[in-house]
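This report refers to the structure that appears directly beneath it.
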Amino acid sequence: MSATALVYDIQGYSVHDGPGIRTTVFLKGCPLRCPWCHSPESQSFKKQVCFKQTSCLGIERCETSCLNACPTPGALVRGEEVDDMPEFPDESGEMAPPEKKTVPHIVRSLCDDCQACTQVCYAKALYVCGDEWTADDMVKRVLRDRRFYEKSGGGVTLSGGEPLCQLEFAVEFLKKCKEAGLHTALDTTGFVPETSIAAVLPYVDLFLYDLKHMDSDLHKQVIGVPNEPIHANARFIAQHGGNLQVRIPVIPRFNDNEENMGKTADFCKELGGAVSLIQLLPYHTLGVSKYERLQWDQPIFEAPPMPEERVKEFAEFFKERGLNVQVH
């Protein structure tokens, strides 16, 4: 039987996850806990109930059906009163003043993601993040976009979370994509056993590889895991003929200093010709709304945007070592 995986998104016409126009498949589950993660729904290895406030009609209009459907006492409760913004102008062409609505709130410490509330929410404000796919079905899905790949020099990218945590699916899917003549990319944290990297290496044309900090103690303190396995796997890929596109998130108060950027550039230089491109990715706040949909009862990491000139200064560390660098 074809291997299965838990998928939380399929993004067509993706232009930031490898060359050309691509279809990016996102798998759930990640061993890292980056505070700035722009896809927090990718972290859990199971299906999750999420809430989209703008779709909610309000508890009053739904006669609290979602609250009544929840079988766990206290897991889904009345939340705050918020503005219900009108979607369309009134007859005069003006937007009416917002009305008020009361929305539900998921208490994450009690919710077991049983999904009962999503089954009665006809507005789809409460929904399930995560669907099971077989590798065979996913290959059929991405082949629908073959025309875009052929016209643009694109292909398929397997991302996450950490896609190699669902190794059987990753190997089968990437292998079948290669057999179908598709260019393949793998977006990985690198925090997996070397055997996992070796298993997919024959079927990956390009590794999109994250490097976050060169100090392992700080890496573990902030992200939850040490960086030695990540660096060792990058060397393994380079030594065994793999191609790397290194991606470095530039995070305020974490890795945005000359010492760390210099050491990161030295490490990339050490990997030799395997590294085709370095991408510096300045921190952004686009993931904040996703934390709100998960309704996590914890602080959300937010910082001022990184000045463009500062990121360009960091790019010089890589250019000085003869590396091809790009600021996104």
- prompt: Which angle from 0 to 90°, rounded to the nearest 10, does the C-alpha axis of helix 258-270 make with the longest principal axis of the chain?
  reply: 60 degrees
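Leaving ligands and nucleic acids out of the surface, order TRP36, TRP133 by accessible area at 1.4 Å, largest first. Write down the numbers at each step before the final one.
Numbers: TRP36 35, TRP133 70 Å².
The residues order as TRP133, TRP36, largest area first.
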message: Helix 228-239 against the longest principal axis of the chain: what's the angle in degrees, Cα atoms only, rounded to the nearest 10?
response: 50 degrees
field: Heavy atoms of SER92: accessible area, 1.4 Å probe, square angstrom to 10
entry: 90 Å²
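Translational D (Stokes-Einstein, µm²/s) of the stretch 174-254 at 4 °C and 1.567 mPa s when Rh comes from the Kirkwood sum over C-alpha pairs?
Details: Rh = 13.5 Å.
Reported coefficient: 96 µm²/s.
Given a 1.4 Å probe and every protein chain left where it sits, what share in percent of the accessible area of the chain is carbon and sulfur?
Numbers: 8140 of 15990 Å².
After summing per-atom areas, the C and S share lands at 51 percent.
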- request: Bin width 20 Å, alpha-carbon pairs only: give the P(r) of the chain as whole percents, running from 0 to the bin holding the largest distance.
  value: 28, 53, 19, 0
task: Distance between Cα centroids, the stretch 161-186 to the stretch 56-126: provide it in whole Å.
output: 38 Å
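Can you classify the stretch 71-193 as rounded, prolate or oblate using the Cα gyration tensor, where a ≥ b ≥ c are the square roots of its eigenvalues, rounded means a/c under 1.5, and otherwise it's prolate if a/b beats b/c and oblate if not? Display every interim value, and only then the final one.
Values: a/c = 3.10, a/b = 1.65, b/c = 1.88.
It is oblate, given that a/c is not under 1.5 and a/b is not larger than b/c.
The values are calculated or read from the model by the stated rules, or taken from the named source; none is laboratory data. Since this is a predicted model, take the numbers as computed values, not measurements. Heads up: the accessible areas ignore ligands, DNA and RNA and are worked out on the full protein's heavy atoms, side chains in. Shrake-Rupley method; radii C 1.70, N 1.55, O 1.52, S 1.80 Å.
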